[in-house]
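Let me begin by presenting the structure, written as structure tokens, before commenting on it.
Readers should treat all values here as calculations from the given coordinates under stated rules, not as data from a laboratory. Keep in mind that what you see is a predicted model, and the values were worked out from it rather than measured. Ideal geometry is used to build each Cβ from the backbone, glycine not excepted, and the neighbour counts take in all protein chains shown.
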Amino acid sequence: MSAIQELLLLPLALLVLQASLCYGACVEVASDTEAVANEGFKLGCISCKMRSEVPAAASVDWQFKALDETNFTHLYHYENENEKLSIKDPRFYKRLYWNGTKGSKDLQDGSIFIHKVTFNDTGTYKCIFSRTLKYPNYEVSTEPSVTIVMKVVPQVTRGLASILSEVMMYVSIIGLQVWLVIEMIYCYRKIAAAGEEALRESAAEYLAVASESKDNCAGVQVAE
């Protein structure tokens, strides 16, 4: 490998090393709220730390309140992946699974997944983080929470916003295509006009040269 090739590959190698040291950013995304009966559904619960560089440990508790209930019941508790999932509500036995942070005690994603959703699963879910931030000389405990109102429907329904966004997407695509066609026609006409003008100028120059040559020949004959 030449010295020039080595110099070109050096920035790429540095970029790869830098990318390997980066960590994914935490983004708090709202959970979906409409589940389809007899299908799986993810209840999203994300609570990001304000300062990612501070080490922390957390556990997650979920609570559930059905439509015909007035109080929340403890659904389950999760602390780390080595601990067996402890489902507290028998209505969710063998149907509820952890879908959040794995491989770390610093839980920021406390999502769960429910298999074979039923209409009885309709209600309000509350996700509560018990987080301890560990500073050098002290610790701080916080309990951020996320509340989700889930509705179970017989089949997938599309909201008005989804329909309008799809219509606007197609309108935008058609509008761009029409604009491109207009631009192509305009450019073609402009190029064609420029070509015709160039041909006229070439013809005029040719006639002028021919006329000048004819006059020169006539002058030579007179001189003789």
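For chymotrypsin sites (Phe, Trp or Tyr not before Pro), the sites in the range 35-107 that DSSP calls loop and that have at most 10 other Cβ atoms within 10 Å are Y93. Is the shape of the range 128-199 rounded, prolate or oblate, going by the alpha carbon gyration tensor and its root eigenvalues a ≥ b ≥ c, with a/c under 1.5 for rounded and a/b larger than b/c for prolate? Oblate shape, in that a/c is at least 1.5 and b/c is the bigger or equal ratio.
Restricting to Cα atoms and excluding each atom paired with itself, what does the Kirkwood estimate give for the range 26-156 in Å?
Numbers: mean 1/r = 0.0651 Å⁻¹.
Answer for the range 26-156: a Kirkwood hydrodynamic radius of 15.4 Å.
Taken along the Cα-to-beta-carbon direction at a fixed 7 Å, the label points for Y188 and E139 span 7.5 nm.
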